[in-house]
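Asks: Pasting in a structure now, in structure tokens, and then I'll have a few things to ask.
The values are calculated or read from the model by the stated rules, or taken from the named source; none is laboratory data. Note that this is a predicted model, so its numbers are computed, not measured. Note that each Cβ is placed from the backbone with ideal geometry, even for glycine, and that neighbours are counted across all protein chains shown. Please note that ligands, DNA and RNA were not included when accessible areas were found on the heavy atoms of the full protein model with its side chains. Shrake-Rupley method; radii C 1.70, N 1.55, O 1.52, S 1.80 Å.
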Amino acid sequence: MSPTEHGHNLVNFASHIDDGTLAQARETASMPFVYPHVALMPDAHVGKGSAVGTVIPTRGAVIPAAVGVDIGCGMIAARTRFTYADIERAEREGRTLHALRLRIEHAIPLSPGNYNLTASLGKWFAEPRIAELEERAARDGVDLSHSPKWREQLGSLGGGNHFVELCLDEQDRVWMFLHSGSRGVGNKIAQKHIAIAQRLCRTWHIDLPNQDLAYLAEGTPEFWDYIRELRWAQRFALLNRAEMMDRFSKVLGEWIGAPVVETERINSHHNYTEQEEHYGETVWLTRKGAVNAHEGVDAVIPGSMGTRSYVVRGKGDARGLCSAPHGAGRRFSRTQARKRFTVTDLADRMTGIEYRHGAEWIDEIPDAYKDIDVVMHDARDLVEVRYRLRQILNVKGT
């Protein structure tokens with residue numbers, strides 16, 4: 001679709017969007033430091049404070065709650081030299097996809113509160129990554145006293161819409177694919193700075209449309225404290241995904257009977273802030289549920305747990321602030337989905353896919369999300385599609 005302008009400061013790329021999402025976007029766009037406009041992605045839906053799927057360029061300020069509590073959440077995808085024929089051979093030899101799923105679940109702690117045991121870290125690849133994060137924290141003065149178990153969190157998935165998948169592209173090549181962020185430590189960092197921003201705005205007697213649009217002003221010590229800790233959490237999220245992908249690769253290679261050889265790997269955020277140039281000015285660009293789609297930049301846009309996903313390349317569309325959607329976007333809240341659908345409905349949608357069956361995942365049923373193909377059609381000016389992926393195995397935490 002051609003984007004719709006809602007006033008001079010809001011550009012909407014979504015063909016299907018509700019009034020609540022538009023109202024949140026208008027509220028965000030009304031902040032005096034937004035420049036040049038807020039861009040709503042095709043998957044936009046109501047979020048906390050500001051809509052998920054909102055790209056927010058700001059001059060001289062950052063809104064911590066707009067970045068969100070899962071700082072650096074994003075996707076990683078790796079294409080391997082394996083094909084579906086290798087999967088079929090393993091199954092003929094008695095190694096089932098069910099067995100592979102159980103191995104993945106053993107290698108990657110899945111749910112909130114499930115951490116790696118310190119003694120087991122040496123089995124995997126975490127030590128150099130932990131050392132890098134320790135060095136960064138010491139160098140940049142990042143306070144991690146609120147998260148004494150952050151090291152054990154590295155390499156863990158989390159619940160909700162986070163997942164691990166084994167996928168095939170149009171040529172039946174095997175892809176490893178997963179979605180996660182900065183875990184509990186990122187949440188603690190975010191909550192800390194959201195509270196600081198709200199306190200400062202009250203102190204300054206700033207009248208906000210809502211408290212989750214409280215901001216930190218560039219030039220203040222509180223602003224730069226947030227940016228340092230935000231960047232640390234973004235790095236944690238990137239390394240967390242890399243750690244899990246390496247574990248996934250090890251398990252997959254053992255299951256197939258040959259080491260995984262990757263032909264490409266894409267690791268990118270969709271909840272974060274960076275300085276970028278837009279419309280002739282340097283701004284702080286917050287992508288809340290959006291990926292970097294500068295010209296030539298690769299990204300991954302997942303569907304839901306029972307629908308296809310996309311590997312894409314950015315087109316650098318200026319109206320979209322060089323951004324693109326981060327997924328299908330919810331149609332129904334988790335509570336609404338649980339009222340509308342049953343575990344039998346979920347099983348029907350997941351036919352032919354190895355997954356963790358149970359009522360815990362009803363709120364992740366594909367019907368709770370927008371049609372990913374509509375979202376991608378709306379995003380045609382933002383990205384070009386490189387590969388379409390269909391999953392054959394899905395792992396989720398509760």
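Asks: Output the 0 to 90 degree angle, nearest 10, between the alpha-carbon long axis of helix 19-29 and the longest principal axis computed from the alpha carbons of the chain.
Replies: The two axes meet at around 60 degrees.
Asks: Considering only protein heavy atoms and a 1.4 Å probe, what is the carbon-and-sulfur percentage of the accessible area of the chain?
Replies: 49
Asks: Once the Cα atoms of helix 183-203 and of the chain are each reduced to a long axis, what angle between those two axes, in degrees from 0 to 90 to the nearest 10, is obtained?
Replies: With rounding to tens, the tilt is 10 degrees.
Asks: Compute the acute angle (0 to 90°) between the alpha-carbon long axis of helix 97-107 and the principal axis of greatest extent of the alpha-carbon atoms of the chain; round to the nearest 10°.
Replies: Helix 97-107 sits roughly 50 degrees off the main axis of the chain.
Asks: While we're on this one: Might you report the magnitude of the Cβ-based charge dipole of the chain about its Cα centre, with Lys and Arg at +1 and Asp and Glu at -1, to the nearest 20 debye?
Replies: 760
Asks: Sticking with this structure for a sec: Is the C-alpha gyration tensor of the stretch 135-265 telling us rounded, prolate or oblate? Criteria: a/c under 1.5 is rounded; beyond that, a/b larger than b/c is prolate, otherwise oblate.
Replies: Prolate, because a/c is 1.5 or more and a/b exceeds b/c.
Asks: Still on this structure, I have one more. Show that you can apply the helix-only estimate: for the chain, add -39,500 (n - 2.57) for every DSSP H stretch of four or more residues, divide by all residues, and state [θ] at 222 nm to the nearest 500.
Replies: Calculated at 222 nm, the ellipticity per residue is -10500 deg cm²/dmol.
Asks: Report the one residue of H278, L216, W232 whose Cα lies farthest in the direction of the positive end of the charge dipole of the stretch 205-286 (charges on C-beta: Lys and Arg +1, Asp and Glu -1; origin at the Cα centre).
Replies: W232
Asks: I would also like to ask the following. Which one, Q153, V67, S50, is farthest towards the positive end of the dipole of the chain when Lys and Arg carry +1 and Asp and Glu -1 on their Cβ?
Replies: Of the candidates, Q153 comes out farthest on the positive side.
Asks: R386's amide H: which non-local residues (gap 5+, or another chain) put their own amide H closer than 5 Å, with H modeled 1.01 Å from N in plane and none for Pro or chain starts?
Replies: V311, V312, R313
Asks: Another question about this same structure. Given a 10 angstrom Cα cut-off, can you work out which residue in P36, P57, P325 is the most mobile in a GNM of the chain?
Replies: Highest fluctuation among the options: P36.
Asks: Measuring with a 1.4 Å probe in the full set of protein chains, what accessible area per residue, in whole Å², belongs to the stretch 230-354? All intermediate terms of the calculation are to be shown ahead of the outcome.
Replies: On the way: 4590 Å² over 125 residues.
Value for the stretch 230-354: 37 Å² per residue.
Asks: Residue by residue through the stretch 160-168, what is 3J(HN,Hα) from phi via Karplus (6.51 cos²θ - 1.76 cosθ + 1.60, θ = phi - 60°)? Round to whole Hz and write x for glycine and proline.
Replies: x, 8, 6, 7, 10, 9, 10, 10, 10
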